[in-house]
Amino acid sequence: MIDPQWQQALFTQSAPELGNQYRDDPLLVSWLRRTLSAESLRDLEPELDELGAISGGPLYRLQLADRLNEPRLRQWDAWGNRVDELEVTSVWHEAERLTVKHGLVATGYAPAHGRHARIAQFAKVYLLHPSSDVYSCPLAMTDGAARTLIESGNQRLVERALPRLTARDPARFWTSGQWMTETTGGSDVGRSQTRAVQDGDGWRLYGRKWFTSAIASQMALTLARPEGNAPGGKGLAMFYVEVRDAEGRLNGLRVDRLKDKLGTRKVPTAELMLEGARAELVTRPFNGTRAIEPMLMVTRMWNSVCAVAAMRRGLALARSYAARREAFGQPLARQPLHVDTLAALEAETWGAFLMTFLLVELNGRHERGEIEDEQRALLRLITPLTKLVTGKQAVAVVSEVIESFGGAGYVEDTGLPALLRDAQVLPIWEGTTNVLSLDALLRSDLNAGLAALMGRASSCMRGITEPRLAAAGKQAIGALERAALWLESGQDRERLQASARRLALTLARSLQLALLCEHAQWMLDQGGDRRGYAAALRFSRLPVDLIQEMDPELDRLLMQ
Ligand SMILES: Cc1cc2nc3c(=O)[nH]c(=O)nc-3n(C[C@H](O)[C@H](O)[C@H](O)COP(=O)(O)OP(=O)(O)OC[C@H]3O[C@@H](n4cnc5c(N)ncnc54)[C@H](O)[C@@H]3O)c2cc1C
């Protein structure tokens, strides 16, 4: 008979394990300590601890067990009626229950947390997202819709929808979609073709929405062109739509099919046909792209938080595996090159986290009206910058995480490949890297934003006493100064556009480095924890200044 222990050792690999995702995260714990009062943190911590345990425990196990389950669309009932009913997965049902219980949307609107409401909310989101099979997608749009309705000033709609979007009662909770992208364009949304026709007091919408995620939602905000309006973004208006009537019948729309996607396979993303859907105008019958901007501010913040959370999850798994897997006589965790590889990923994750939570903090201040002009300019500039840089960092980090598992990382029933597939959407939806780079750098208030960014990076240097951190901080400021000089040097529009991505990434990565130095010094001052210091120095050795002189004419040759 074969000795079972011997068999176990020879023929199995040990799977990575997750602990409490809050307690095991020195960066989140230290940043919250630095930012919140001791009293606020004491109130919040038990819930974070609970969510950390759920996310690394039962929800993660459910996610692995539910791996092959996908949402299903049932278009017809047995009697030939068009029903377009959607069945979502077990993880999504559980994620909805946890959302309502822990207020994953509601916390952001809770007066008790004051200007720290967004921090409290996103600490929870960050913990839960990686085990939720991207249930964060409908939550991002729900939060975005809540914010957009508040900023629209439409009191009737605020009273109708806000209590549902921020409900803590499962029977009342609604999620919202955003239906913008059409076949004519997601980035260039001004080309939208959906028509809005006035019908009594209300409107009816006709058109095709090409990407509508979370079609299980009860409502949506959407764009359509009132008849007679001019082409372009200004001629669009923002509308409020409820998906079904009180009897559960679809409101003048048809779900044509669910998209067959590379990743986010648990998210039901549909193609929708609007065939006279009843809709309500939210604000004025024009300038819809402007009216829906708060939605984008919010969903880009969610995207950034989910990107960092995905990196953190990948690294938690990779570290656990490195401690268990042996190669060439010792655990991977003691192989110098493996350590070097994971250290670079950690540094990326720390930088991405600090920039993202600065964005979260500024949004909280902005929404409570406790923000100065300089901080507002910084918020406007770093919203696209954070979304674009963290999306790129997430794909790069998670891709390397997959490799750190060797062949196991490529095998579906480890659950690992989904990490990479799901990360790949982060740079695409809510604005691609290029579109956001242009958005950041061609805006009219760029100068105010740049000055504010420079101001924030310089403020990071104020309390630094550790010489190597001071040198790393200087490197960050130097890269920012070079970017500013480059922008001032009167580049023609073609060169400016062609360089926008490199410039945007340079601004973002310089700010990350400065924030890393600031946090590292704080950690040292608090008792000598050197992990922040290690992250800052490691980040300073990664590419920060990406500005290069390129020749657009030569590049055009490569397109032929
Ligand atoms: C899984 C998934 C779910 C989605 N869910 C939703 C949803 O719920 N609601 C919704 O409204 N949309 C949704 N979308 C759509 C998404 O927001 C768009 O796909 C995205 O905004 C890009 O638009 P596009 O597909 O039209 O690409 P395009 O705009 O055609 O872009 C193609 C490429 O061109 C580049 N590009 C475009 N313009 C420029 C420029 N001026 N200069 C340089 N490069 C440029 C882009 O960066 C990109 O690389 C979803 C998409 C995905 C993948």
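At-a-glance table
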read-out	value
Leading residue by the ranking (modelled with the lowest pLDDT) among those in the range 426-450 that are open to solvent by 60 Å² or more (accessible area, probe 1.4 Å) and farther than 19 Å from Val389 by Cα	Ser444
Residue in the range 218-225 that is away from the ligand (no atom under 16 Å from the Cβ) and either touching a Phe, Trp or Tyr at 6+ places or on another chain (Cβ under 6 Å) or not in a loop (DSSP other than H, G, I, E, B) (or both) present	no
Top-ranked residue in the range 452-471 [being in a loop (DSSP other than H, G, I, E, B) and touching an Asp or Glu at 6+ places or on another chain (Cβ under 9 Å); ranked as most open to solvent (accessible area, probe 1.4 Å)]	Arg462
Restricting the range 169-190 to residues that are touching a residue at least 40 places away in the same chain (Cβ under 8 Å) and surrounded by fewer than 16 Cβ atoms within 10 Å (Cβ to Cβ), the residue that is nearest to the ligand (Cβ to nearest atom)	Ser187
Every residue from the range 291-320 that is open to solvent by 10 Å² or more (accessible area, probe 1.4 Å) and more than 16 Å from the ligand (Cβ to nearest atom)	Arg312, Ala316, Arg319, Ser320
Verdict on Arg493 being open to solvent by 50 Å² or more (accessible area, probe 1.4 Å) and within 16 Å of the ligand (Cβ to nearest atom)	yes
Meets criteria (farther than 17 Å from Leu542 by Cβ, surrounded by 14 or more Cβ atoms within 10 Å (Cβ to Cβ), within 29 Å of the chain's Cα centre (by Cα) and of a type outside the set (Asp, Glu)) for Ala504	no
Residue that is surrounded by 18 or more Cβ atoms within 10 Å (Cβ to Cβ), closer than 18 Å to Arg531 by Cβ and of a type in the set (A, V, I, L, M, F, W, C), where the choices are Leu388, Leu379, Leu342, Leu416	Leu342
Positions within the range 29-39 being part of a helix (DSSP H, G or I) and either crowded, with 20+ Cβ neighbours inside 10 Å or of a type in the set (A, V, I, L, M) (or both), in sequence order	Val29, Trp31, Leu32, Ala38
Positions within the range 451-490 being polar (S, T, N, Q) and modelled with pLDDT of 95 or more, in sequence order	Ser458, Ser459, Thr465, Gln475
Number of positions in the range 40-88 that are open to solvent by 20 Å² or more (accessible area, probe 1.4 Å) and in a strand (DSSP E or B)	10
Condition broken by His519, with the remaining ones in (1) over 18 Å from Thr35 (Cα atoms); (2) touching a residue at least 60 places away in the same chain (Cβ under 8 Å); (3) not polar (S, T, N, Q) satisfied	(1)
Qualifying residues in the range 191-217 (those that are β-branched (Val, Ile, Thr) and open to solvent by less than 30 Å² (accessible area, probe 1.4 Å)) - the one farthest from the ligand (Cβ to nearest atom)	Thr194
The range 363-376: number of residues that are closer than 19 Å to Met301 by Cβ and open to solvent by 10 Å² or more (accessible area, probe 1.4 Å)	9
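The values are calculated or read from the model by the stated rules, or taken from the named source; none is laboratory data. Computed from a predicted structure; not experimentally measured. Positions of Cβ are generated from backbone atoms using ideal geometry, with glycine treated the same way; all protein chains shown enter the neighbour counts. The area values use the complete protein model at the heavy-atom level, side chains included, leaving out ligands, DNA and RNA. Shrake-Rupley method; radii C 1.70, N 1.55, O 1.52, S 1.80 Å.
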